[in-house]
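Visitor: Please find one structure pasted underneath; my questions will follow.
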Amino acid sequence: RVLCDVPCSGDGTLRKNPDIWDSWQPRFSASLHPLQLAILTRGLQLLRPGGLLLYSTCSFSPVEGEAVVAAALRHCDGVELVDVHGALPPLVAARGLERWRVTASEDGSGVGSLDEASEEQRERWRLQPSLFPPTAAELKTLALHRCARVLPHQQDTGGFFVALLRKGDGAVVRVPECAAPLLAAAADESV
């Protein structure tokens, strides 16, 4: 088993950590996405066949949750999402999102695809394809509804995103483009 509780923007902790209110920025999610994806990818590489990996964040942003999971699954053969709903009966959790917009403006407005973004937005907000929701064709195979979103108002908690992934026999884990430089740098440091 592998646990990937990744660094995140922490917007799910706003309720208990008001200090974040003054410093939190919408762009944090996109800037953390490559690191989160690199950590998840490395976790999947280390996971034995038949093993389970739990990916979690204390963020509400789908860019840090569902987008990271979807990007990893797009680069893996033989890895699947396990439905966590009902695994802990007292825990109330919403299903994972299948559609979202990516913040691309200081006012918090977003774009639904990379094609909708201007060149300035792409550069300033570090927009890349892996941030965006899956295509209609991908939705069924990715099964993002199996992810769980713990919402603070439903049970007096902080906010969390969790996804449970199972690695099958013969699984192949490829490195997503935006995560490659981070994994290469980590490998260089460990030598």
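The values are calculated or read from the model by the stated rules, or taken from the named source; none is laboratory data. This is a predicted model, so every value here is computed, not measured. When we count neighbours, we look across all protein chains shown, and the Cβ atoms used for this are built from the backbone with ideal geometry, even at glycine. Calculation scope for accessible area: heavy atoms of the full protein, side chains included, ligands and nucleic acids excluded. Shrake-Rupley method; radii C 1.70, N 1.55, O 1.52, S 1.80 Å.
Visitor: List, in order, the whole-Hz ³J(HN,Hα) value for each residue of region 115-124 obtained from phi through the Karplus relation with A = 6.51, B = -1.76, C = 1.60 and θ = phi - 60°; use x for Gly and Pro.
Guide: 5, 6, 8, 6, 4, 4, 5, 4, 6, 5
Visitor: State to the nearest 20 debye the size of the charge dipole of region 1-61 about its Cα centre, where the only charges are +1 on K and R beta carbons and -1 on D and E beta carbons.
Guide: 280
Visitor: Using a 1.4 angstrom probe on the protein heavy atoms only, could you order K140, K167 from most to least accessible area?
Guide: K140, K167
Visitor: Leaving out ligands, DNA and RNA but keeping every protein chain, what accessible area does R122 have, in Å² rounded to the nearest 10, with a 1.4 Å probe?
Guide: Counting only protein heavy atoms, the figure is 80 Å².
Visitor: Pick from L127, L114, L88 the residue whose mean-square fluctuation is largest in a GNM of the chain, springs joining Cα atoms under 10 Å.
Guide: L88
Visitor: Give me the percent of DSSP beta bridges within the chain that run antiparallel, rounded to the nearest 5.
Guide: Around 85 percent of the beta bridges assigned by DSSP in the chain are antiparallel ones.
Visitor: Grab the other residues whose beta carbon is less than 14 angstrom from that of D156, score K and R as +1, D and E as -1, and report the net.
Guide: +2
Visitor: Let me ask you something else. Any number yet on Rg/Rh for region 1-118, C-alpha, Kirkwood?
Guide: 0.98
Visitor: Carbon-plus-sulfur fraction of the accessible area of the chain, 1.4 Å probe, in percent?
Guide: Summing carbon and sulfur atoms, their accessible area is 54 percent of the total for the chain.
Visitor: Within the P(r) computed for region 59-115, what percentage of the Cα pairs occupies the region above 19 Å?
Guide: When all Cα pairs of region 59-115 are counted, 45 percent exceed 19 Å.
Visitor: Rounded to the nearest 10 Å², what accessible area does D77 have for a 1.4 Å probe in the complete protein model?
Guide: 80
Visitor: Another question, if that's okay. In deg cm²/dmol and to the nearest 500, what is the mean residue ellipticity at 222 nm of the chain if only DSSP H runs of at least 4 residues count, each as -39500 (n - 2.57), divided by the residue total?
Guide: -8500 deg cm²/dmol
Visitor: Using only the Cα atoms, work out Rg/Rh for region 29-188, with Rh taken as the Kirkwood radius, to two decimals.
Guide: On the Cα set of region 29-188, Rg over Rh gives 0.97.
Visitor: G12: net charge of surrounding residues, Cβ under 10 Å, Lys/Arg +1, Asp/Glu -1, itself excluded?
Guide: Residues near G12 contribute +1 overall.
Visitor: Still on this structure, I have one more. Could you pull out every residue, at least 5 positions away or on a different chain, whose amide H is within less than 5 Å of the one on F60? Hs are placed 1.01 Å off N in the peptide plane, and Pro or chain starts have none.
Guide: Those lying under 5 Å, H to H, from F60 are D11, G12.
Visitor: For the chain, set up a Gaussian network in which alpha carbons nearer than 10 Å are linked by springs, and say which option among V150, V92, V82 fluctuates the most.
Guide: Highest fluctuation among the options: V92.
Visitor: For the chain, with a Gaussian network of springs between Cα atoms less than 10 Å apart, report the residue from L46, L32, L91 with the top mean-square fluctuation.
Guide: Sorting by GNM fluctuation, first place goes to L91.
Visitor: Follow-up question, since we're still on this one. If you roll a 1.4 Å probe over the heavy atoms of the protein chains, what accessible area per residue do you get for the chain, in Å²?
Guide: 52
Visitor: Can you check what the net charge comes to around L127, using other residues whose Cβ is under 15 Å from the Cβ of L127 (Lys, Arg +1; Asp, Glu -1)?
Guide: After counting each charged neighbour, the total is -3.
Visitor: Can you tell me the dipole magnitude for the chain around its Cα centre, using point charges on the Cβ only (Lys, Arg +1; Asp, Glu -1), in Debye to the nearest 20?
Guide: 640
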